[in-house]
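Okay, so here's the structure we're looking at.
The values are calculated or read from the model by the stated rules, or taken from the named source; none is laboratory data. Given the structure is predicted, the values throughout are model-derived calculations rather than measurements. Note that we place each Cβ from the backbone using ideal geometry, even for glycine, and neighbour counts take in every protein chain shown.
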Amino acid sequence: MSLDELIDGLPEYAKDLKLNYSSLVRQNTELTRTQAWGTLLVSAIATRQPALTGAALQAAAEQLTPEQVDAVKTAGALMGMNNIFYRFHHLTKNEKYATMPARLRMNGIRAHKADPVDFELWCLAASAVNGCGKCIDAHENVLRQKGITEEIMIAAVRIASIVHAIGTVLDVERSFVEEPVFQA
């Protein structure tokens, strides 16, 4: 199923998501095409919702180069790891963890073949979906140092929020057609 078909097929209770998708994603004016499609794809990856991720991959492949798609996947994979590790740092009251090395390989942060600003923006969006305050702060700081405005960053986070909500709706709707785990 295409991404447009998936969005158009959302139930009536998700009408606001359809409208937001149309106005904030389809008619985006703040982000470049690459930034917007990369943000959409990395956010879908972060939702871990299979139908949404598949449709987003298909649609993004028509808008991004193969290298950019790989970079988005790299951002999604690394944030999937880092957001858990650093969210733990953020949530624990034990300050000793902050003095310990991460010992996590993150070569993809330097090895990707995308624009560094775009990559940071995608990492910010994935971190927002994954709820990691420490990573959000780190990526937001790097983006500000690179001259990116708050308006650009919030535009990416808006897309991430819409994509996450669409993933939630798809999971809810899927639960109606699956067999219940426990029989009454």
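Against the definition (within 17 Å of residue 41 (Cα to Cα) and over 14 Å from the mean Cα position of the chain (by Cα)), how does residue 137 come out, yes or no?
No.
State whether the residues of region 9-24 include one that is part of a helix (DSSP H, G or I) and under 20 Å from residue 116 (Cα atoms).
no
For residue 102, state whether it is in contact with a Gly (Cβ under 8 Å, 6 or more places away or on another chain), in contact (Cβ under 8 Å) with a residue 12 or more places away in the chain and not polar (S, T, N, Q).
Working: in contact with a Gly (Cβ under 8 Å, 6 or more places away or on another chain): no; in contact (Cβ under 8 Å) with a residue 12 or more places away in the chain: yes; not polar (S, T, N, Q): yes.
No: the conditions fail for residue 102.
Being acidic (Asp, Glu), surrounded by 15 or more Cβ atoms within 10 Å (Cβ to Cβ) and outside any loop (DSSP other than H, G, I, E, B), is that true of even one residue in region 113-130?
Filtering region 113-130 for residues acidic (Asp, Glu) gives 115, 118, 120.
Still in the running and surrounded by 15 or more Cβ atoms within 10 Å (Cβ to Cβ): 115, 118, 120.
Okay, now just the ones that are also outside any loop (DSSP other than H, G, I, E, B), so 118, 120.
Yes, some residue in region 113-130 is acidic (Asp, Glu), surrounded by 15 or more Cβ atoms within 10 Å (Cβ to Cβ) and outside any loop (DSSP other than H, G, I, E, B).
Identify all residues within region 47-91 that are of a type in the set (S, T, N, Q) and crowded, with 16+ Cβ neighbours inside 10 Å; write none if there are none. Explain how you work it out, then say what you get.
Going through region 47-91, the residues of a type in the set (S, T, N, Q) turn out to be 47, 49, 53, 58, 63, 65, 68, 74, 82-83.
Within region 47-91, 47, 49, 53, 68, 74, 82, 83 qualify.
Being at pLDDT 95 or above, surrounded by 17 or more Cβ atoms within 10 Å (Cβ to Cβ) and small (Gly, Ala, Ser): is that true of residue 44 here?
Numbers: at pLDDT 95 or above: yes; surrounded by 17 or more Cβ atoms within 10 Å (Cβ to Cβ): yes; small (Gly, Ala, Ser): yes.
So residue 44 passes the test.
Listed here are the residues, each with its yes/no results for (1) free of Cβ contacts under 8 Å to residues at least 24 places away in the same chain; (2) closer than 26 Å to residue 23 by Cα.
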{"residue": "94", "(1), (2)": "yes, no"}
{"residue": "117", "(1), (2)": "no, yes"}
{"residue": "128", "(1), (2)": "no, yes"}
{"residue": "154", "(1), (2)": "yes, yes"}
{"residue": "165", "(1), (2)": "no, yes"}
{"residue": "173", "(1), (2)": "no, yes"}
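Take region 153-167 and flag every residue that is surrounded by fewer than 17 Cβ atoms within 10 Å (Cβ to Cβ) and touching an Asp or Glu at 6+ places or on another chain (Cβ under 6 Å).
Correct list: empty.
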